[in-house]
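K.L.:
Shown below is the structure under consideration.
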Amino acid sequence: MAVKASNQAPENGRDNGRDASRNRRTVPNSPTAQSVAREDSWEAEQDNNIVPLTRAEAEKLFGPNVSRPSRVTPFKVVAAQMVLSLVATLVWWLFYEPPGAAALSAFLGGAICWVPGALFAARLRTLSGAETVMSWVLGEALKMGATIAMFVAIAFWYHEVRWVPLLVTYLIALKTYWIALAWR
């Protein structure tokens with residue numbers, strides 16, 4: 001029976017240099033370890049040398065309104081979502097047959113967007129400056145959970161739902177965040 005030489009174990013238990021790279025060990029004073037230590041110290045140096053922009057530099061880069069606070073608040077975004085969903089409801093009521101089911105579906109689609117947004121905005125207001133990353137994550141989880149629960153509730157309990165008006169109005173209201181971001 002023929003066996004390839006590369007698959008055979010060494011006769012004396014030693015590798016004899018065939019795959020020595022696999023068995024190499026790094027010595028702390030070796031040139032490789034020193035270069036790794038230099039790279040780590042270089043990265044640490046880079047992190048410590050961050051210099052914030054001055055007001056003049058920030059205005060030169062981003063324009064004169066860089067330090068102006070945003071006029072867009074979460075409640076204004078929710079109000080804009082409500083207005084857009086009501087306008088979309090009116091459009092579906094005027095141009096869709098039968099108008100009642102389409103208009104109600106469109107209104108519910110908008111509500112699926114702005115009710116969780118209103119819950120998130122109310123939660124932000126109750127935090128009163130004590131925000132942490134975890135509180136934002138929990139707020140977003142609440143918002144996503146409310147959105148999913150509303151979709152499921154409508155699917156189960158509103159049997160005359162018109163999905164096209166519902167989803168289109170939901171997407172229109174959802175894109176209000178982009179409008180608010182551009183409006184800043």
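The values are calculated or read from the model by the stated rules, or taken from the named source; none is laboratory data. All values reported here derive from a predicted model rather than from experimental measurement. All Cβ positions, even for glycine, are placed from backbone atoms using ideal geometry, and neighbour counts span all protein chains on display.
K.L.:
Restricting the first residue to the range 104-118 and requiring it to be without any contact (Cβ under 8 Å) to a residue 40 or more places away in the chain, which pairs with a second residue that is of a type outside the set (Lys, Arg) meet a Cβ separation below 6 Å and a spacing of at least six or different chains?
P.N.:
Within 6 Å, the pairs are Pro116/Ala146; Pro116/Thr147.
K.L.:
What is the number of the single condition among (1) surrounded by 12 or more Cβ atoms within 10 Å (Cβ to Cβ); (2) at pLDDT 75 or above that Ala33 does not meet?
P.N.:
(2)
K.L.:
At least 3 residues that are at pLDDT 85 or above and under 20 Å from Ile179 (Cα atoms) in each: list the helices (runs of 4 or more DSSP H) lying fully within the range 48-162 that qualify.
P.N.:
Ranges flagged: 74-95, 99-127.
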